[in-house]
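Here's the structure, in structure tokens; my notes come after.
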Amino acid sequence: MSAAILISTAAFGQQQMQDRSPEQRAQRQMKWMQANLALTSDQNDKAYNILLKYASEADNAKTGGQRGARKEIQADKDAELKGILTGNQYQLYAAHMEQMKEKMQQRRDGGQQGSY
């Protein structure tokens, strides 16, 4: 019974993330960046625009059946963010993204659900 609850909870969490609009996803990512990277007001504005741009691109790729484009979109987003963040900020961001990647893999493998 607990395995069924765990599976349905993980599926519900994934569905919630998929149901978020690009704006909601960008805002959620910005909250993490603001709380953890000490962004300047200029970085804040630029980062939000980058996040929104790539969240929209990811939606367009998904609806266009281009799921394989996800890695390319992520790489492009990371490159743009690297251009506006300091070296230390980008290291923290990259470490967080790696953590999130690992959590997603654990969920796919039947582990617990993580949060951004």
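Remarks
- Scanning the stretch 80-99 for residues that are of a type in the set (Phe, Trp, Tyr) and more than 12 Å from the chain's Cα centre (by Cα) yields a total of 1.
Per-residue answers, yes or no, for (1) part of a helix (DSSP H, G or I); (2) buried (at least 16 other Cβ atoms within 10 Å of the Cβ); (3) at pLDDT below 95; (4) of a type in the set (S, T, N, Q):
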residue	(1), (2), (3), (4)
6	yes, no, yes, no
11	yes, no, yes, no
27	yes, no, no, yes
35	yes, no, no, no
50	yes, yes, no, no
68	yes, no, yes, no
95	yes, no, no, no
100	yes, no, yes, no
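- Contact map, the stretch 105-116: first residue within 19 Å of residue 29 (Cβ to Cβ) and in a helix (DSSP H, G or I), second residue modelled with pLDDT under 55 and not polar (S, T, N, Q), Cβ cut-off under 9 Å, separation 6 or more or different chains; pairs are 107/10; 107/13; 107/114.
- For residue 62, the conditions (1) buried (at least 16 other Cβ atoms within 10 Å of the Cβ); (2) of a type in the set (D, E, K, R); (3) within 16 Å of residue 22 (Cα to Cα) are fulfilled apart from (1).
- The single condition from (1) modelled with pLDDT under 95; (2) not in a helix (DSSP H, G or I) that residue 15 fails is (2).
- Among the numbered conditions (1) part of a helix (DSSP H, G or I); (2) at pLDDT 95 or above, the only one that residue 39 does not meet is (1).
- Residue within the stretch 74-97 that is of a type in the set (Lys, Arg) and touching a residue at least 40 places away in the same chain (Cβ under 8 Å) present: no
- Residues in the stretch 49-69 that are among the charged types (D, E, K, R) and farther than 21 Å from residue 85 by Cβ were compared, and the one that is nearest to the chain's Cα centre (by Cα) is 59.
- Single match in 77, 46 (criterion: basic (Lys, Arg), crowded, with 16+ Cβ neighbours inside 10 Å, modelled with pLDDT of 95 or more and over 13 Å from the mean Cα position of the chain (by Cα)): 46
The values are calculated or read from the model by the stated rules, or taken from the named source; none is laboratory data. Everything numeric here is computed off the predicted structure, so don't read it as measured data. Methodologically, a virtual Cβ is constructed for each residue, glycine included, from the backbone with ideal geometry; neighbour enumeration extends over all protein chains shown.
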